[in-house]
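The values are calculated or read from the model by the stated rules, or taken from the named source; none is laboratory data. Note that the structure is predicted; figures quoted are calculated from it, not measured. Please note: Cβ atoms are built from the backbone with ideal geometry, for glycine as well, and neighbour counts cover all protein chains shown. Side chains included, ligands, DNA and RNA excluded: accessible areas come from the protein's heavy atoms. Shrake-Rupley method; radii C 1.70, N 1.55, O 1.52, S 1.80 Å.
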Amino acid sequence: MTETAAEATGTAAPGTTAEPRTTAELAPGVVVPLIGLGTWPMTGGEATGAVARAIANGYRHIDTAENYNNEEAVGEGIRRSGIDRGELFLTTKFNRQWHGRTAVREAFGAATRRLGTEYLDLFLIHWPNPSQGRFVEAAEGLTRLAEEGLIRCWGVSNFKSAHLRELQAAGLEVPVNQVQIDPETQQPDQLAFHRGHGIVTAAYSPLGRNGSFLSAPVVTGPAAEYDRTPAQVVLRWQVQSGRVAIPKSADDRRQRENLDVFGFALTEAEMAGIDALDTGAPPRLDSDEFGH
């Protein structure tokens, strides 16, 4: 199901890419662009404007969530862009009150009404909320929506390996898990589990929060070598590792830069240098304790 880094980005000499792949397959016939627009914490007119600009700049993957309180604004940005719905990959996520086989259908109906669409490309369980003990039921409800063609694919977000094993024990194969990944918070054990079980990794906050690693020599060196920004180098590291990356930006120039990471490639040594920035720090929020 998932692709290796080489398959996801194409093979190329350092500094260039030959016919780079810009998508990953989540399920048969369902491909997701490797770079998407993150929309948290934008709301209202800011979110609408950012989405419309992003689509004009070439984005075809937009990520939102019920808890971002911006689905209506995101939907308005899509409408203002004038894009045909079939050209766009739209992801949203639902909260714990909808964890249940039938409640998921209600979550779908509410999300599509807010977004102004008839279907979703990807519908995610936002947090496992293990103390509630109903995320397996929620996943079962999602599989039914997929079977009916209401969503093209389902997945999860912020699930630890233990949570994923519970889904597997129930006979559910998870296509994608959206988790916090950046050069200093790489969660290597989590990533290894994904690779071993054919789960595509989607990285949220792929450029971190304070961006301190953007000034590291292993990032600024390749940036100078390839005439790119440090942020572009980090996003290239994400997609060249085979991950989907969802950076947030409302700025027109940065949006274009974030999307433009397929015209060069990092060497193995450069990739390893960024890999070495990992501090071993856990995600900012512990999904055994936090959720909504």
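Tabulated values for the structure
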read-out	value
Matching residues, the stretch 234-272, being hydroxyl-bearing (Ser, Thr, Tyr) and open to solvent by 10 Å² or more (accessible area, probe 1.4 Å)	241, 267
Total residues in the stretch 95-117, condition surrounded by fewer than 16 Cβ atoms within 10 Å (Cβ to Cβ) and among the aliphatic types (A, V, I, L, M)	1
Residue that is surrounded by the fewest Cβ atoms within 10 Å (Cβ to Cβ) [pool: residues in the stretch 118-139 that are under 19 Å from residue 171 (Cα atoms) and in contact with a Ser or Thr (Cβ under 6 Å, 6 or more places away or on another chain)]	124
Residues that are assigned to a helix (DSSP H, G or I), loosely packed, with under 14 Cβ neighbours inside 10 Å and not polar (S, T, N, Q), drawn from the stretch 196-231	196, 217, 224
The stretch 63-94, subset polar (S, T, N, Q) and either at pLDDT below 95 or out of contact with any Ser or Thr (no Cβ under 9 Å at 6 or more places or on another chain) (or both), residue least open to solvent (accessible area, probe 1.4 Å)	81
